[in-house]
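J.: Pasting a structure below so you can have a look.
The values are calculated or read from the model by the stated rules, or taken from the named source; none is laboratory data. Computed from a predicted structure; not experimentally measured. Here Cβ is always computed from backbone atoms with ideal geometry, including for glycine, and neighbour counts include all displayed protein chains. Quick note on the areas: whole protein, heavy atoms, side chains included, nothing else; ligands and nucleic acids left out. Shrake-Rupley method; radii C 1.70, N 1.55, O 1.52, S 1.80 Å.
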Amino acid sequence: MQMTPDKKKNKLYIVVPCYNEEQVLGETSKRLKIKCENLIQKGQISKDSKIVFVDDGSKDRTWKMISELHETDSLFSGVKLSRNRGHQNALLAGLTMASEHADMAISMDADLQDDINAVDQMIEKYYEGCDIVYGVRSARETDTFFKRFTAEAFYKLINKMGGEIVYNHADYRLMSKRALKGLLEFDEVNIFLRGMVPMIGYKSDIVTYERAERFAGESKYPLKKMLSFAFEGITSLSVKPIQLIFNLGILICTMSVIAIIYFLFRHFTNNTVSGWTSLITSIWFLGGLQLVAIGLIGEYIGKVYLETKSRPKFIIEKILND
Ligand code: UDP
Ligand code: MG
């Protein structure tokens, strides 16, 4: 059970996944350090709070820089993955560590595109009793038209496809210890954090900020990675695409029954080529039937899929019992 957050005592871990980020790490660590010291001074977080850099199997000097940071200042911690496992896994590794040591964790990208000044508001909301605080982009003016368009289409598509994600929220968020523990109860291997976090529950809120441009280095998410990320999001969150096949099959079957009636009418009014009626109706009807059958099998596969994820059936927030 979470106790009422007591100011000055609550330990914050800022988790930052890094993949080939040697160009930004210097500046990022400097800015985050100032932020943390400022928060400590204001009594918002405890003195043993940390900034955790997770090296996602970088091929450049990233890990060396992280080790140096750790040596010169105990504010910095590091986690090194054995190889590149992708942003989401790197983040989860850092959050797992945070769940053991911290009272709250904030995840953010190494390029600081997400305004770190939103951290203060996130922490305030945490002390007001929120377990999850989502950072939401208020504007995408600095993104190219293409990035903005594809990104916004992505949020809409995922929500249509049965995944519940917070609009314009990426992986910049605060989570309390118990929310982190809740997240770790999701045993799935294909992880899509921004879709899983809302499934945890608890009181949540949002904080809006303006997203800046990457100040150095290149995006690690080129179009190809972005597309596969979107696909991953949909297929790992829901089995709705399978249900769509089933629905399509039903629709085609219904249409073919209507068509059969029309074709028979043409047949009996002798208004057709011989053989065409039976051929065309069976093609449509069988096609529809096959889709229904595939969709039905898919429903079961979908159930098996969700079972294998062994998500928690519930997470208890409070119990009243003497
Ligand atoms: N990242 C990672 N592993 C990867 C790719 C990216 O840890 O395989 C990290 C990267 O270092 C950054 C964050 O994920 O901290 C987001 O990447 P990026 O800023 O390149 O994405 P964009 O902002 O362009 O969507
Ligand atoms: Mg970025």
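J.: Looking at Ile315, Ile260, Ile297, can you tell me which residue is in contact (Cβ under 8 Å) with a residue 12 or more places away in the chain, over 30 Å from Ala179 (Cα atoms), of a type in the set (Val, Ile, Thr) and out of contact with any strand residue (DSSP E or B) (no Cβ under 9 Å at 6 or more places or on another chain)?
T.: Ile260
J.: I would also like to ask the following. In the range 307-316, which residues are of a type in the set (A, V, I, L, M, F, W, C) and either within 14 Å of Asn247 (Cβ to Cβ) or surrounded by fewer than 13 Cβ atoms within 10 Å (Cβ to Cβ) (or both)?
T.: Within the range 307-316, Phe314, Ile316 meet the criteria.
J.: So in the range 123-169, with the set limited to residues that are assigned to a loop (DSSP other than H, G, I, E, B), farther than 19 Å from Leu180 by Cβ and not hydroxyl-bearing (Ser, Thr, Tyr), which one is farthest from the chain's Cα centre (by Cα)?
T.: Glu141
J.: Also, I was wondering about something else. Within the range 79-115, how many residues are under 21 Å from Ala216 (Cβ atoms), open to solvent by 20 Å² or more (accessible area, probe 1.4 Å) and either within 13 Å of ligand 1 (Cβ to nearest atom) or assigned to a helix (DSSP H, G or I) (or both)?
T.: Adding up the residues that qualify gives 4.
Here's the yes/no breakdown for (1) closer than 16 Å to Lys147 by Cβ; (2) among the small types (Gly, Ala, Ser); (3) touching a residue at least 60 places away in the same chain (Cβ under 8 Å); (4) more than 16 Å from ligand 2 (Cβ to nearest atom):
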{"residue": "Glu218", "(1), (2), (3), (4)": "yes, no, no, no"}
{"residue": "Met226", "(1), (2), (3), (4)": "yes, no, yes, no"}
{"residue": "Phe229", "(1), (2), (3), (4)": "yes, no, no, no"}
{"residue": "Thr235", "(1), (2), (3), (4)": "no, no, no, yes"}
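J.: With the requirement that a residue be under 21 Å from the mean Cα position of the chain (by Cα) and more than 16 Å from ligand 2 (Cβ to nearest atom), what does the range 107-122 give you?
T.: Within the range 107-122, Val119, Met122 meet the criteria.
J.: Kindly evaluate Arg214 against the criterion of being surrounded by 15 or more Cβ atoms within 10 Å (Cβ to Cβ) and either without any contact (Cβ under 8 Å) to a residue 12 or more places away in the chain or within 16 Å of ligand 2 (Cβ to nearest atom) (or both).
T.: yes
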